[in-house]
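Written below as structure tokens is the structure these notes are about.
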Amino acid sequence: MSDSGAGRTGWVRRLFQRPKVGPPQEWVPAATTFRTPSKGDAYDFSVRVRCSWRDGNRKINAVRRGAGGHDDLVREQIAVTVRCVLRNFPPHQAAEAESAVNRELARLAEAFLPGTTLRWSARAQVGLDDAVREIQQKAWAGILEQAAADERRGAAQLAAHDLTMKAHDQDMREWDGRTERTKRYIKGFDESVRDWFRVLSALGVTDLLREDNARDRLRDVPPPFLVPALARLAVEPTDADKVIKDLAARRDAKDRELFRTVSTAIQNVESIDVNLLDFEDAQNSALVRLMQWAGLRVPGSARLTEDVS
């Protein structure tokens, strides 16, 4: 008894329970495809419209039966709306035209079929005319080719810039290398000249020491007549024998010339009480400067007078 009572209680509860409500069901008839003119009437848009119907929680068959009496009217309103909207767009603006059409269809669906529980919605797809698509394809082919050419040109310019910068860096490295080599060459050349100067002094070709306030010190620079020879010896030391012989001969001839000049000067002024070999102010004498140019030591006045006499 208790079991049958429990069964009756469950049956009564189920009787008074609210039925479960399922999700809304939609009836979607076949899509409609048609063509309609674009702006200027030269080309058409291709249009494909799909509608969907619903009526609360009614099943699909009930929705289909309810929509059957309104379907033709709705399709006509959709066609008129689509045609009016698309005539405002040029034939190549299918995407813009599609957005505008769907906005208008959404407003139309909200305002249409008042006083009924039926609801519908529509979604349009707008495509280009085949002739317009062919023109667009050619135009876009040119655009893509130009973009590819620009990209290749940009890559080539970038590569050329990289090569230019690398060449510049290489030039700078070579310049730095030449600068360092030049510095080393000048330093070696200077040392070689000084060494040869000492050698020539040791051989008696020139005088390495000079008098300066009664004190001997190394010459700052070689005498002018030695400069070409020293430069040649620094570059071509194998010519030393020839260069030294030539310098010795020139030095000997120069010494004799200077001796003759001094002797002649003394003989020409013997009648005058002037001693040309008095070098108290020797640094201002042209004769002293000539001897210094030749690399000769300037002796004291007593010694020169004694030698000449």
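Some points to look at:
- Under the simplified labelling scheme, the Phe34-Ala156 pair shows an inter-label distance of 5.4 nm, with each label point 7 Å from Cα along Cα→Cβ.
- Amide H contacts of Phe89 (H built 1.01 Å from N, under 5 Å, at least 5 apart or other chain): Lys39
- Charge context of Ala30, other residues only, Cβ under 15 angstrom, K/R +1, D/E -1: +2
- Long-range amide H partners of Trp27 with built H, under 5 Å: Trp53, Arg54
- Among 173-183, 131-141, the order from most to least packed when residues are scored by Cβ within 10 Å on average: 131-141, 173-183
- Note that segment 245-261 has calculated 3J(HN,Hα) couplings of 4, 5, 5, 4, 5, 5, 5, 5, 5, 5, 4, 5, 5, 5, 5, 5, 5 Hz, one per residue in order, obtained from phi through the Karplus relation 6.51 cos²θ - 1.76 cosθ + 1.60 (θ = phi - 60°); glycine and proline are x.
- Exposure proxy for Ser38, Ser201: other Cβ atoms within 10 Å of each Cβ, ordered fewest to most, give Ser201, Ser38.
- Sites Ala249 and Ile186, calculated FRET efficiency, Cβ-Cβ separation with R0 25 Å, nearest 0.05: 0.20
- Applying the Karplus relation 6.51 cos²θ - 1.76 cosθ + 1.60 with θ = phi - 60° to segment 41-55 yields 3J(HN,Hα) values of 6, 7, 9, 9, 8, 9, 10, 10, 10, 10, 9, 9, 10, 8, 8 Hz, where x marks Gly and Pro.
- Sorted fewest first by neighbouring Cβ atoms within 10 angstrom, Val101, Val199 come out as Val199, Val101.
- What the Cα convex hull of segment 19-133 gives, in volume per residue, is 101 Å³.
- Multiplying the residue separation of Ala139 and Val199 by 0.36 nm and subtracting their alpha-carbon distance yields 12.8 nm.
- Under 5 Å from the amide H of Phe45 lie the amide H atoms of Thr36, Ser38, each residue being 5 or more positions distant or on a separate chain, with H modelled from the backbone and absent for Pro and chain starts.
- Each residue of segment 148-154 was assigned a 3J(HN,Hα) from its phi angle through the Karplus curve 6.51 cos²θ - 1.76 cosθ + 1.60 (θ = phi - 60°); the sequence is 5, 5, 4, 5, 5, 5, x Hz, with glycine and proline shown as x.
Read the figures in this text as sums done on the coordinates, not as results from a lab. Source: prediction; values computed, not measured. Backbone-built Cβ (ideal geometry, glycine too); neighbour counts: all protein chains shown.
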